[in-house]
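The values are calculated or read from the model by the stated rules, or taken from the named source; none is laboratory data. Every value quoted in this text rests on a predicted model; they were computed, and no experiment measured them. Methodologically, a virtual Cβ is constructed for each residue, glycine included, from the backbone with ideal geometry; neighbour enumeration extends over all protein chains shown. Each accessible area value is taken on the protein alone, full model and side chains, heavy atoms only, with ligands, DNA and RNA left out. Shrake-Rupley method; radii C 1.70, N 1.55, O 1.52, S 1.80 Å.
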Amino acid sequence: MEWYSRECRALPWRESRDSYRVWISEAMLQQTRVETVLSYWPRFVERFPTLEDLSEAEEDEVLALWSGLGYYNRARKLREAAIEIVRQHGGEFPRTREEALALAGVGPYTAGAVLSIAYDLPEALVDGNVQRVFSRLFGIDEVAGSTRMNRLLWSLAGELVPRSGGAGTWNQAVMELGATVCVPRSPRCGECPVRRGCVAHREGRTGELPRMPEKREPTLVQLSIFVAEREGAVLLEQRPVGGRMAGLWQFPTIEVSDLPIEQPGELFPRLLPRAGESPVLSPGGPLGALRHSITRYSIRAEVHSAELVGEVPSGWRWFDRGQLEDLALTGMARKVLRVSE
Ligand code: SF4
């Protein structure tokens, strides 16, 4: 904890212990790099300065501010949970683990983080950084992410978290050590405040621990994306309700892959008519190509110009290019914009 108070990075969400601000930062930081969150968190809390503001927001606006961060369910659930908190907890993030876990999108990590950091309650947490530090420090030779590993880590974290003040600092210190010193490749053991007690350092096993599960190959997806433009406006389609990235806007897209796809159409259902049906777009010349990753999918896409044939289909709309900044676009649509400008 002394090391943390000397060495911690100055991050904007660390300036206040306001439970709402802590909660938003923790929700964003899951699955997302600190560098990315640095550009999203300030905009989000500026637009929605209080939990009440978020609870009154339209879902579209929340999604627009989240556009590009990925895992959009996090944004939907944040808003849902904010509504619940206003309704049931007087507008303040609850103070017990049980109540926190009952909120939409709040799992054991987020509950532990908010309760310990904002309220200094002796609540544990485990994330990827904690896993790496503990696995090396205590020489835990279990597969990362396995049930056994998780059980061990949560029980250790629960034993170690200080009971008489400083729980939030402790949790952040362990995570910070994992993020800045005990990094995945080539940990900087020479600068580490706990090296004297560290099993992996003593036994020269820092490269082996934590033991990683075998990696799954990414699923390749090949797409054609169409940019129809008319008087400075572009034609977008809204992704269907219930699927991935539901409700977000994208350029009309089809899968053209003849690569082995496990579940064809899962990521990009064929939104354009199939052969034999009347065409909506007539493809023009190529504008460029892009690559994109969504969870375990590795996407390659060719971007073409196109012209609308007939009526605008339902779920599609023209948007002026100037409107797109504030629209809930998919991350890939933002790349298409850059390719097609
Ligand atoms: S001594 Fe090295 S391996 Fe051990 S906790 Fe510190 S940085 Fe990690």
(message) With angles folded into 0 to 90 degrees, how steeply does helix 108-119 sit against the dominant principal axis of the chain? Use alpha carbons for both and round to 10.
(response) 60 degrees
(request) Find the eigenvalues of the gyration tensor of the Cα atoms of the stretch 43-123, then list the square roots of 5 times those eigenvalues as equivalent ellipsoid semi-axes, largest first, in whole angstrom. (result) 22, 14, 12
(request) Provide the per-residue ³J(HN,Hα) series for the stretch 324-337, in order, calculated from phi with Karplus coefficients 6.51, -1.76, 1.60 and θ = phi - 60°, each as a whole number of Hz, with x at glycine and proline positions. (result) 5, 3, 9, 9, 6, 8, 6, x, 5, 4, 5, 5, 4, 4
(message) Whole percent per 10 Å bin, from 0 to the bin with the longest distance: what is P(r) over all C-alpha pairs of the chain?
(response) 5, 21, 26, 23, 16, 7, 1, 0
(request) Report the charge-dipole magnitude of the chain in Debye, nearest 20, computed about the Cα centre from +1 at each Lys and Arg Cβ and -1 at each Asp and Glu Cβ. (result) 1340 debye
(request) Within the stretch 313-341, which residues have the backbone N less than 15 Å from the label spot 7 Å out from residue 61 along Cα→beta-carbon, could you tell me? (result) 326-328
(message) Rounded to the nearest 20 debye, what is the charge dipole size of the stretch 14-100 about its Cα centre when +1 sits on each Lys and Arg Cβ and -1 on each Asp and Glu Cβ?
(response) 380 debye
(request) Report the one residue of 34, 69, 124 whose Cα lies farthest in the direction of the positive end of the charge dipole of the chain (charges on C-beta: Lys and Arg +1, Asp and Glu -1; origin at the Cα centre). (result) 124
(request) Pick out which of 255, 217, 56 has the largest mean-square fluctuation in a Gaussian network model of the chain, springs linking Cα atoms closer than 10 Å. (result) 217
(message) I'd like to know which of 165, 192, 228 lies farthest towards the positive end of the charge dipole of the chain, counting +1 on Cβ of Lys and Arg and -1 on Cβ of Asp and Glu.
(response) 192
(request) For the stretch 123-137, just list the computed ³J(HN,Hα) in residue order, Karplus coefficients 6.51, -1.76 and 1.60, θ = phi - 60°, integers in Hz, with x standing in for Gly and Pro. (result) 10, 7, 8, 9, 9, x, 5, 4, 4, 5, 5, 5, 4, 6, 4
(request) Show me 149-159, 317-327, 61-71 ranked by packing, highest mean number of other Cβ atoms within 10 Å first. (result) 61-71, 149-159, 317-327
(request) Over the chain, with every protein chain in place, what whole percent of the accessible area is carbon and sulfur at 1.4 Å, could you tell me? (result) 48 percent
(message) In Å², and per residue, what accessible area does the chain have when probed at 1.4 Å with the other protein chains present?
(response) 52 Å²
(message) Compute for the stretch 2-202: radius of gyration divided by Kirkwood radius, i.e. Rg/Rh, restricted to C-alpha atoms, rounded to two decimals.
(response) 0.98
(message) What distance in nm lies between label points placed 7 Å from Cα along the C-beta direction at residue 212 and residue 296?
(response) 1.6 nm
(request) Hey, can you grab everything whose amide H is under 5 Å from the amide H of residue 305? Only 5+ residues off in sequence or another chain; H modelled, so Pro and N-termini drop out. (result) 227, 284, 285, 287
(request) Could you run the Karplus curve 6.51 cos²θ - 1.76 cosθ + 1.60 with θ = phi - 60° over the stretch 288-304 and give me ³J(HN,Hα) per residue in whole Hz, x for Gly and Pro? (result) x, 9, 8, 10, 7, 10, 10, 6, 9, 9, 10, 9, 10, 9, 9, 9, 10
(message) Can you tell me the orientation of helix 167-180 relative to the chain, as the angle in degrees between its alpha-carbon axis and the longest Cα principal axis, to the nearest 10?
(response) 60 degrees
